[in-house]
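Undergrad: Mind looking over this structure? Questions follow.
Every number here is computed from the coordinates shown, using simple stated rules; none is lab data. Keep in mind it's a predicted model, so treat the numbers as computed, not measured.
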């Protein structure tokens, strides 16, 4: 979904299946009416004080980036790589 070059993720995700199985599409929940772009969502947040959509949450995005980083390092090294994050490295 796009508006002025800024977009929120679409709500459908393609999943690759195991060999011999067909790929599938998983439909997510639709974004709220009038809040389908980053600008609309942010304006709604400022107007109402409602929390931002979870995909715009800083803490969630930092955790996702740590997970993606570990995945990239694992792909490069061929080994299990730890997520460098206090949530995943507690204990």
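Undergrad: Give me the percent relative contact order of the stretch 24-91, please, defined on Cα pairs under 8 angstrom at least 6 residues apart.
TA: On the way: 29 pairs, mean separation 10.3, N = 68.
Relative CO of the stretch 24-91 lands at 15 percent.
Undergrad: Using a ≥ b ≥ c from the Cα gyration tensor of the stretch 51-91 (square roots of the eigenvalues), is it rounded, prolate or oblate, where a/c under 1.5 gives rounded and otherwise the larger of a/b and b/c decides, a/b for prolate?
TA: Numbers: a/c = 4.93, a/b = 1.83, b/c = 2.70.
Since a/c reaches 1.5 but b/c is at least a/b, the shape of the stretch 51-91 is classed as oblate.
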